[in-house]
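Just below is one structure, and these are the notes that go with it.
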Amino acid sequence: MRDKIREIEKSAVEEITLAVDADALEKARVKYLGRKGLVTELFKNMSGVSPADRAEIGKLINALKETVSKALDEKTPVLSGGSDSGAQKTDITLPGIIREIGRLHPISKTIEEICGVFISLGFKVVEGPEIENEHYNFEALNIPLEHPSRDAFDTFYLNDKWLLRSHTSPVQARFMETNKPPFAIIIPGKVYRPDATDASHSFMFHQIEGLVVSDNIRFSDLKGALTLFARQMFGENTRMRFRPSFFPFTEPSAEVDISCILCSGDAAQRAPHKCSLCGGKGWIEILGAGMVNPKVFRNVGYNPEKVTGFAFGMGVERIAILKYGITDIRMFFENDIRFLRQF
Ligand code: PHE
């Protein structure tokens, strides 16, 4: 039996190798693998094999069948002259493969839109590293070690020297160290905070920072720039509200709200059914801002007697959520095409 198997393998491979056309190949296929083929016959003869040998012989025949099939498969495209002739002719009546046109991610779109508003005001786009050190993420921005405000910028540490930046403000200091005023810059980028993920939190999100420094920048300049931004982003009738707040790197500081884009802060719409977006308050917070703290200027070697400036920082996801009426921040990062193709 073993000899027979070896013999069949030898002659099958030889015949297949020497086959000159598809016909010869088909003949070989029938001769060995057909219903009455030699390999098929071997399987039928298994009943005559002693039980002790059966497993081994079975394996040998299976291997033979595989060798013959493989030899046939390999030879077929050679004889049919590639995939464009013979049995594998292209069917030009089949529908084509539709290649979908890609589009920008809603976060990239929002970043472009926000930056676009500021670029039209003369701002320049600047970027900085996502892996930062404590100096730029904290100290240069007047957030000393052990200062409670460090808690507000809860941070992923990579080791005792490096961390993932918790805001885009470090780029303020980096830029000022190597550039002289006057300038107006906008800084988009990813930031990281060890927050548990839920509908409104993500351990990674995007911010856009703005910084303007010159010899006579006033709070009214900040208000003017942000008001223009809010109107371009959310509509001409958008109103602004500046609430006093605290950031170590700005003084005075403000949290900035816009009139609710769903109910417009309209009292009649607020009662008796509370607006689902602003909760009836009429305002929604969109960013933090303020006049650059003189200590920050000193830290980068500027003379705070000579220059003034304003800074602001906003979360891109938050702006996109408001603008597009998205209910869950996780949707931005799940790569679900049904969500993404809506933008
Ligand atoms: N860096 C602040 C934050 O992440 C935002 C901010 C930027 C506030 C610039 C004021 C000025 O919350």
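The values are calculated or read from the model by the stated rules, or taken from the named source; none is laboratory data. Note that the coordinates shown come from a computational prediction; the quantities given were computed from them, not determined experimentally. FYI the Cβ positions are ideal-geometry reconstructions off the backbone, even for glycines, and counts take in every protein chain you see. Areas reflect the complete protein model, heavy atoms only, side chains present, ligands, DNA and RNA absent. Shrake-Rupley method; radii C 1.70, N 1.55, O 1.52, S 1.80 Å.
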Where Glu317, Glu177 fall by accessible area, highest first, once all protein chains stay in place (1.4 Å): Glu177, Glu317
Just to make sure I understand: if all protein chains stay in place, what is the order of His273, His201, His206 by accessible area at 1.4 Å, largest first? His273, His201, His206
The extension gain from Val125 to Lys295, computed as 0.36 nm times the residue separation minus the Cα-Cα distance, is 58.8 nm
Over the chain, the sum of -39500 (n - 2.57) across DSSP H runs of at least four, divided by residue number and rounded to 500 deg cm²/dmol, gives at 222 nm -11500 deg cm²/dmol
Förster radius 25 Å - calculated FRET efficiency between Asn133 and Phe333, Cβ distance, rounded to 0.05: 0.40
Loop-resident trypsin sites (Lys or Arg not before Pro) in region 227-325 with no more than 16 other Cβ atoms inside 10 Å, DSSP not H/G/I/E/B, are Arg239, Lys274, Lys281, Lys306
Among Arg99, Arg35, Arg330, the residue with the largest mean-square fluctuation in a Gaussian network model of the chain built from Cα contacts under 10 Å is Arg35
In the chain the accessible area split gives carbon plus sulfur, as whole percent at 1.4 Å, a share of 54
For region 106-340, with every protein chain kept in place, what is the accessible area per residue (1.4 Å probe, Å²)? 48
Here, Asn45 and Thr178, labelled 7 Å along Cα→Cβ, have an inter-label distance in nm of 8.1
Students sometimes get this wrong: rank Ser202, Ser50 by accessible area, probe 1.4 Å, all chains present, largest first. Ser50, Ser202
Point-to-point label distance, Arg239-Glu56, nm (Cα→Cβ direction, 7 Å offset): 9.5
Convert each backbone phi in region 16-32 into a coupling constant with the Karplus relation 6.51 cos²θ - 1.76 cosθ + 1.60 (shift: θ = phi - 60°), then list the ³J(HN,Hα) values in order as whole Hz, x for Gly and Pro. 5, 4, 8, 4, 9, 8, 4, 4, 4, 5, 5, 4, 4, 4, 5, 4, 9
What percent of all Cα-Cα pairs in region 191-325 falls into each 10 Å bin, going from 0 up to the bin containing the maximum distance? 11, 35, 33, 16, 4, 0
Pop a pseudo-label 7 angstrom from the Cα along the beta-carbon direction at both Phe246 and Ile92 and give the gap in nm to one decimal. 7.7
Averaged over all viewing directions, the convex hull of the alpha carbons in region 106-340 casts a projected area in nm² of 13.6
Over 24 Å between Cα atoms: which of Lys44/Lys75; Lys36/Lys65; Lys10/Lys89 fall into that group? Lys44/Lys75; Lys10/Lys89
How much length would be gained if the chain were fully extended between Lys190 and Asn216, taking 0.36 nm per residue of separation minus their Cα-Cα distance, in nm to one decimal? 6.3 nm
